[in-house]
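Just below is one structure, and these are the notes that go with it.
FYI, it's all coordinate maths here, none of it is from the lab. This is a predicted model, so every value here is computed, not measured. Virtual Cβ from ideal backbone geometry, glycine too; neighbours counted across all protein chains shown.
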Amino acid sequence: MPEVVPGFPDRIVPKPEHAAELKKRTLTNLYNARVNGKAAWLDNAHKALDAAVAAAYGWADYAPMCRGILRRLLALNLARSAASA
């Protein structure tokens, strides 16, 4: 927990002239921008993360996250859960 300094707010308070613009900065709007091709950095970050997850599991046949990979993760998690039970 961050330290609260007496006399200062316990959270960041935007300056009034920037408050309206900051209210538009939501995850929904960010992901909508990604879908519309306006947040390439976020798309690149997701691709890098997907590749890192695939490498961590030793999946050489990496493809962008899809139902097949999600099925593999579920099967792996179920197997680990059964082994630990």
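Annotated for the chain: lysine pairs at least 8 residues apart or interchain, Cα distance under 17 Å, count 4. Highest mean first, the peptides 26-39, 6-19 sorted by other C-beta atoms within 10 Å per residue fall in the order 26-39, 6-19.
What value in Å³ per residue do you get for the convex hull of the alpha-carbon atoms in the stretch 16-84?
Working: hull volume 9.8 nm³, N = 69.
Spelled out: Cα convex hull of the stretch 16-84, divided by residues, is 142 Å³.
Taking the Cα centre of the chain as origin and assigning +1 to Lys and Arg Cβ atoms and -1 to Asp and Glu Cβ atoms, the resulting dipole is close to 300 debye.
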